[in-house]
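**Student:** Supplied in structure tokens, the structure appears directly below.
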Amino acid sequence: MISALALALSLAACGGDADDHANEAAGEHAAEASGEHAEAEAATGEHGGRLLEQDGYRVELAMAEDGTPPRFQAWLYQDGEPLPSTAGKVEVRVTRLGGQAVSYTLTPQEDGSLAAIDTVAEPHSFDVEALASIGDKMLRWEYPSYEGRTIIAAATAEKSGIEVQPVGPGVIADEHEVQGLLTPIEGRVAEVTARFPGPIRSLRANVGDQVRSGQTLATIESNLSLSNYSVAAPISGVVTARNASVGGLAGEGMALFEIADLSQLWVDLHIFGADAQHIRPGVPVAVTRMSDGKTVDTMLERVLPGMATASQSTVARATIDNSDGLWRPGSAVKARITVEQQPVELMVPLTALQTMGGEEVVFVRVGEAYQAQPVEVGQRDGQRVEITAGLNKGDQVVVEESYLIKADIEKSGASHAH
């Protein structure tokens, strides 16, 4: 059942008419809680099972699971006195959220009980129909037996940011998270030098200016000819250094400016240990700028043969586009190298996965009901996880704000109770 307190808190953060929705939810929860309380007060028998009584007959129905696979077990009584297990027959029919129905036939056991052969899969959350025949008497009971289930109105779920998506096939990636630095590409950095010595008459660029190849950047009066000559940019790019001032003396070959073509940059990524043998050129790389989280996709071009002396790492290199000029040489970046991609039949985002009662679960939605469903998981990467058991293709699973569902179930005390 849904926790009114959890809803009130989540809706308060949404503003607007949250109080009205919270009060409405609280009223609904009170009505549901009263039914839940009545269920909790159902009489139990000496074996810890639920007592079902009708016309002087009684069936104690339990879920036997202590140290054994869970299965239904029952004991028969008439007028308060125990009957042998051969005195009647019992069948239990359960209907799970979504309409899946399963029947269990209980047969006599040597210990005086009747027990089902088939085990009951998790979650043990369903509507129960119990049928018994004792002598010529036919008996029938119906009751809900829910655990790990809650109800959330669609409008409330939307305001709380709860989102679902169908379970389906996908790809699990073998990924490696690494860090690195941005550097200019070799051969795309040039110095602008004086050809002849003499006083500097003009400088026409500053650090950070974009210049084009052939553009005049300085004028120098030659000491040899006593006439001015121009110094032009050898490449297009951005001025990264200015080493002269107007009126100063330029020596022959003196570097006046440094220009770098930064329209593309190298990403030098540091790889440690055995990963260096595992990572090969040609695999995808997602590079993320640490300053604002912007990510670009590129390809690993080469793994350099040497090692970085300071870090004792192997350098793997990729190239990124920097036409917007927002990636700066010397900046630290992080990257995700995808070595291999493995297709899987069923997968969910990691955001869908929660832990309850020591088990990994997801929350399946049917209508406005949410059910904790234990799952078995396989491969995973930084974003997705393979589901090997517990879900079917097309099941609607909560993928955003799943922790709200978990908190609501735990606060209502419905996480695991038979």
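**Student:** Go through the range 271-281 and report how many residues are open to solvent by 50 Å² or more (accessible area, probe 1.4 Å) and either over 10 Å from V303 (Cβ atoms) or of a type in the set (A, V, I, L, M, F, W, C) (or both). Steps first, please.
**Tutor:** If we filter the range 271-281 for residues that are open to solvent by 50 Å² or more (accessible area, probe 1.4 Å), which is where we start, we get 272-275, 277-278, 280-281.
Next, only the ones that are either over 10 Å from V303 (Cβ atoms) or of a type in the set (A, V, I, L, M, F, W, C) (or both) stay: 272-275, 278.
So the count comes out to 5.
**Student:** If I ask for residues that are assigned to a loop (DSSP other than H, G, I, E, B) and either open to solvent by less than 70 Å² (accessible area, probe 1.4 Å) or in contact with an Asp or Glu (Cβ under 9 Å, 6 or more places away or on another chain) (or both), which ones from the range 71-113 would you list? If you could, list the steps in order and put the result at the bottom.
**Tutor:** Of all residues in the range 71-113, those assigned to a loop (DSSP other than H, G, I, E, B) come to 79-80, 83-84, 97-100, 109-113.
Matches in the range 71-113: G80, L83, L97, G98, G99, Q109, G112, S113.
**Student:** Still on this model: With the condition being out of contact with any helix residue (DSSP H, G or I) (no Cβ under 9 Å at 6 or more places or on another chain) and buried (at least 16 other Cβ atoms within 10 Å of the Cβ), I'd like the strands (runs of 3 or more DSSP E) fully within the range 154-262 carrying at least 3 qualifying residues. First the steps, then the outcome.
**Tutor:** Values: elements: 163-166, 168-184, 189-193, 198-203, 216-221, 228-232, 237-242, 255-260.
The qualifying strands (runs of 3 or more DSSP E) are 168-184, 189-193, 198-203, 216-221, 237-242, 255-260.
**Student:** A further question on this structure: Could you check the range 133-153 and list, in sequence order, the residues that are hydroxyl-bearing (S, T, Y) and part of a strand (DSSP E or B)?
**Tutor:** In the first step, residues of the range 133-153 are kept if they are hydroxyl-bearing (S, T, Y); the result is 133, 143, 145-146, 150.
Passing the criteria: S133, Y143, S145, T150.
**Student:** Further, regarding this structure: If you check L265 against the conditions, is it open to solvent by less than 20 Å² (accessible area, probe 1.4 Å), part of a strand (DSSP E or B), touching a residue at least 12 places away in the same chain (Cβ under 8 Å) and closer than 23 Å to G382 by Cβ? Walk me through it before giving the result.
**Tutor:** On the way: open to solvent by less than 20 Å² (accessible area, probe 1.4 Å): yes; part of a strand (DSSP E or B): yes; touching a residue at least 12 places away in the same chain (Cβ under 8 Å): yes; closer than 23 Å to G382 by Cβ: no.
Answer is no for this residue.
**Student:** Let me ask you something else. Looking at the range 271-280, can you tell me whether even one residue there is in contact with a strand residue (DSSP E or B) (Cβ under 8 Å, 6 or more places away or on another chain), closer than 19 Å to T183 by Cα and of a type in the set (F, W, Y)?
**Tutor:** Taking the range 271-280 and keeping what is in contact with a strand residue (DSSP E or B) (Cβ under 8 Å, 6 or more places away or on another chain), we get 271-272, 275-276, 278-280.
Next cut, closer than 19 Å to T183 by Cα only: 271.
With the extra rule that they be of a type in the set (F, W, Y), the set shrinks to none.
No - not one qualifying residue is present in the range 271-280.
**Student:** Follow-up question, since we're still on this one. Suppose the filter is under 14 Å from V178 (Cβ atoms) and in contact (Cβ under 8 Å) with a residue 24 or more places away in the chain; does R328 pass it? Please lay out each step first, then the result.
**Tutor:** Working: under 14 Å from V178 (Cβ atoms): no; in contact (Cβ under 8 Å) with a residue 24 or more places away in the chain: yes.
Against the criterion (under 14 Å from V178 (Cβ atoms) and in contact (Cβ under 8 Å) with a residue 24 or more places away in the chain), R328 does not qualify.
The values are calculated or read from the model by the stated rules, or taken from the named source; none is laboratory data. Fair warning: this is a prediction, and the values are worked out from it, not measured in the lab. All Cβ positions, glycine included, derive from the backbone under ideal geometry; neighbour counts span all protein chains shown. Ligands, DNA and RNA are excluded from the accessible area calculation, which covers all protein heavy atoms including side chains. Shrake-Rupley method; radii C 1.70, N 1.55, O 1.52, S 1.80 Å.
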